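One structure is given below, encoded as structure tokens.
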Amino acid sequence: MNRWNTELYEEKHSFVWQYGQKVLQLLAPQPNERILDLGCGTGQLTAEIAATGAEVVGIDSSEQAIATAKKNFPHIEFLVADGANFFFDKTFDAVFSNAALHWIQPPAKAIECIWRSLKPKGRLVAEFGGKGNIAAIVTALNSVLETPYNPWYFPSIAEYSNLLERQGFEVVYATLRDRPTKLEGEKGLANWLEMFAGSHLETYSETKDQIIAQTETRLKPLLYRDDNWIADYRRICIVAIKKQQYL
Ligand code: BEZ
């Protein structure tokens, strides 16, 4: 996501950080711990981590998101960084990531950067789109588009655990669950497509509005209930520990 409409994100997609509460509980940040929030968006969960007394740094590849995060929470350190190519001199006790790792390609590079940025026995606590996430949306959208679009990475537990283990992590917790997610109102799906695929949809010969309208028609029987769109989210949630290296 390089061009980011932060107003649309904060006004209509606050569920992204509201759902992050459970991952935050799993992180259980402790005062004085040093924590990296990878894919921090506009900083709402980063601020909650900071409020526990932990020292936190938020990174995101979107300049717009980081500019808004800095404006929202000027007391917190936020940096623009590529999630598959970042480096910190000073290591962290934990890397936290909510709804971001499915954007970062290649996943093995993201895992390598996370591993390098952690202290020995440091933890990765992450939730993101897992295998089958938004399958109905992707299928409908791609039945409308001239050339398919699927920039996201939605792994199974086995696939992601394998990548983590190869890097030197031990996976101590992993779940994959359906999490139907309400996109409010009649324009819920249109807003979601605009937010998360909008700039790409401008690259086709049909207009973005036409593509969105046709996708809505295909998905209405499946995902529209009681005046709301329900996106077919599936979440993978992972806790992994950086193994101590013995010579
Ligand atoms: C997700 O959070 O699962 C997601 C959000 C935007 C695009 C794709 C997936």
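The values are calculated or read from the model by the stated rules, or taken from the named source; none is laboratory data. Everything numeric in this text was worked out from a predicted model, so none of it was measured. All Cβ positions, glycine included, derive from the backbone under ideal geometry; neighbour counts span all protein chains shown. These area figures cover heavy atoms from the full protein model, side chains too; ligands, DNA and RNA do not enter into them. Shrake-Rupley method; radii C 1.70, N 1.55, O 1.52, S 1.80 Å.
Annotations for the structure displayed:
- None of 57, 23, 16 is touching a strand residue (DSSP E or B) at 6+ places or on another chain (Cβ under 9 Å) and at pLDDT below 95 except 16.
- Residues being of a type in the set (Phe, Trp, Tyr) and open to solvent by 20 Å² or more (accessible area, probe 1.4 Å) - total across segment 51-95: 3
- Qualifying residue in segment 162-175 (condition: surrounded by 15 or more Cβ atoms within 10 Å (Cβ to Cβ), within 15 Å of the ligand (Cβ to nearest atom) and not small (Gly, Ala, Ser)): no
- Count - residues of segment 183-197 that are in contact with a helix residue (DSSP H, G or I) (Cβ under 9 Å, 6 or more places away or on another chain), open to solvent by 70 Å² or more (accessible area, probe 1.4 Å) and away from the ligand (no atom under 16 Å from the Cβ): 1
- Scanning segment 198-247 for residues that are crowded, with 19+ Cβ neighbours inside 10 Å and modelled with pLDDT under 95 yields 198, 201.
- Hits in segment 28-42 - residues which are open to solvent by 10 Å² or more (accessible area, probe 1.4 Å) and under 17 Å from residue 14 (Cα atoms): 39, 40
- Residues of segment 108-142 that are away from the ligand (no atom under 16 Å from the Cβ) and open to solvent by 40 Å² or more (accessible area, probe 1.4 Å): 108, 109, 112, 116, 119, 120, 121, 123.
- With respect to the conditions (1) open to solvent by 20 Å² or more (accessible area, probe 1.4 Å); (2) within 13 Å of the ligand (Cβ to nearest atom), residue 155 lacks only one, and its number is (1).
- Members of segment 194-215 that are of a type in the set (Gly, Ala, Ser) and either under 19 Å from residue 6 (Cα atoms) or in contact with a Leu (Cβ under 6 Å, 6 or more places away or on another chain) (or both): 197, 198, 199
- Just one of (1) open to solvent by less than 10 Å² (accessible area, probe 1.4 Å); (2) within 16 Å of the ligand (Cβ to nearest atom); (3) touching a helix residue (DSSP H, G or I) at 6+ places or on another chain (Cβ under 7 Å) fails for residue 98. It is (1).
- From the options 48, 11, residue that is at pLDDT 95 or above, of a type in the set (Asp, Glu), open to solvent by 50 Å² or more (accessible area, probe 1.4 Å) and not in a loop (DSSP other than H, G, I, E, B): 48
- Members of segment 75-134 found to be among the charged types (D, E, K, R) and under 17 Å from the mean Cα position of the chain (by Cα), listed by number: 82, 109, 127, 131
- Matching residues in segment 1-57 - criterion: being under 22 Å from residue 231 (Cβ atoms) and among the charged types (D, E, K, R): 3, 7, 10, 11, 12, 22
- When residue 242 is tested against (1) basic (Lys, Arg); (2) in contact with a Cys (Cβ under 9 Å, 6 or more places away or on another chain); (3) away from the ligand (no atom under 16 Å from the Cβ), exactly one condition is not met: (2).
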